[in-house]
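> Got a structure here, written out as structure tokens. Questions coming.
The values are calculated or read from the model by the stated rules, or taken from the named source; none is laboratory data. Owing to the predicted nature of the structure, the values given are computational and were not obtained by experimental measurement. Glycine gets a Cβ as well: all are built from the backbone with ideal geometry, and neighbour counts include every protein chain shown.
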Amino acid sequence: MTARMRLQPEAIGLGMTSQRVRDRLIERLRTGTPSNARIADERVLNAIRTVPRHLFVDEALATRAYEDTALPIGHGQTISQPWVVAKMTEALFADGAQPKKVLEVGTGSGYQGAILAALGLEVFTVERIGELLRTARKRFRQLGLDVRSKHDDGRIGWPEHAPFDGIVVTAAAPALVDALTVQLAPGGTLVAPVGAAGAQSLRCLRKDAGGAIAEHLLGDVVFVPLLSGLVD
Ligand code: SAH
């Protein structure tokens, strides 16, 4: 291969989505940064290594897909920062938990749902913006990921499929949504950003076998708001 041929992918930007660039993100997550604690669960890191995040954003943003940052996906929404996705996912597996069935509220780009599916979980995801959901469904199909989804207000959860071993809410509400906590199975974990814009924290709830709930905080975060009503 000539030097010119080797350089070509970089020149057209493909180099920015190469395995090397993706591995750099994994290393950053594994090591941690002053603002973001390390991600220790290798299963989660492996899922992030495997799922091509650049396919979950507009082509024009693909070269930034492996930066540890949220990116716009249209309709005023964002694909979450990889560290946040990793942190929320890791929380579901903490303390030896072995979740099987999980609910995501806020499908968005489909990236978080794809990460959960790549971990072998049975994934249910709900999105209120029809167009985002249709695009996410195409991505699930293209990647051969088995994700069940519906166009609805995720604040009601998905009662027909409850209880869930894990619930991941990817949009922020002023307070925890009771209907979701109710749909959490004994031993299950719910992770949700809670609080007003500029003052959100990521809350992690674990329901014990008897139904009692213990809670801890995973850090300060910035999420788009959890809204009511459907958009086509
Ligand atoms: N998990 C997504 C993050 C998307 S941002 C990803 O990986 O890309 C949060 C998403 O939540 C947005 O798409 C927004 O439309 C959606 N959302 C906000 N309120 C909602 C609600 N009540 N029900 C379902 N989805 C909601």
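> Report yes if some residue within the range 223-230 is away from the ligand (no atom under 11 Å from the Cβ) and not in a strand (DSSP E or B); otherwise report no.
Scanning the range 223-230 turns up no residue that is away from the ligand (no atom under 11 Å from the Cβ) and not in a strand (DSSP E or B).
> A further question follows. Report, by residue number, each residue of the range 104-130 that is farther than 21 Å from His54 by Cβ and under 11 Å from the mean Cα position of the chain (by Cα).
Val105
> Determine whether the range 210-221 contains at least one residue that is within 18 Å of the chain's Cα centre (by Cα), assigned to a strand (DSSP E or B) and under 20 Å from Trp158 (Cα atoms).
Within the range 210-221, not a single residue is within 18 Å of the chain's Cα centre (by Cα), assigned to a strand (DSSP E or B) and under 20 Å from Trp158 (Cα atoms).
> Another one. Quick one: is Ala179 over 26 Å from Asn36 (Cα atoms) and either surrounded by fewer than 23 Cβ atoms within 10 Å (Cβ to Cβ) or modelled with pLDDT of 95 or more (or both)?
yes
Rundown of residues vs (1) assigned to a loop (DSSP other than H, G, I, E, B); (2) touching a helix residue (DSSP H, G or I) at 6+ places or on another chain (Cβ under 8 Å); (3) under 17 Å from Thr69 (Cβ atoms); (4) at pLDDT 95 or above, yes/no style:
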site: Val21; (1), (2), (3), (4): no, yes, yes, no
site: Arg24; (1), (2), (3), (4): no, no, yes, yes
site: Glu27; (1), (2), (3), (4): no, no, yes, yes
site: Arg30; (1), (2), (3), (4): no, yes, no, yes
site: Ala40; (1), (2), (3), (4): yes, yes, no, yes
site: Val44; (1), (2), (3), (4): no, yes, no, yes
site: Ala47; (1), (2), (3), (4): no, yes, no, yes
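> State which residue is nearest to the ligand (Cβ to nearest atom) when the search covers only the range 138-155 and only residues that are surrounded by fewer than 18 Cβ atoms within 10 Å (Cβ to Cβ) and assigned to a helix (DSSP H, G or I).
Among residues in the range 138-155 that are surrounded by fewer than 18 Cβ atoms within 10 Å (Cβ to Cβ) and assigned to a helix (DSSP H, G or I), the one nearest to the ligand (Cβ to nearest atom) is Lys138.
> Which strands (runs of 3 or more DSSP E) does the range 61-132 wholly contain that include 1 or more residues that are under 25 Å from Glu42 (Cβ atoms) and more than 9 Å from the ligand (Cβ to nearest atom)?
Fully inside the range 61-132 and qualifying: 101-105, 122-127.
> Would you mention how many residues in the range 55-70 are buried (at least 20 other Cβ atoms within 10 Å of the Cβ) and either over 16 Å from Ala114 (Cβ atoms) or touching a Leu at 6+ places or on another chain (Cβ under 6 Å) (or both)?
2
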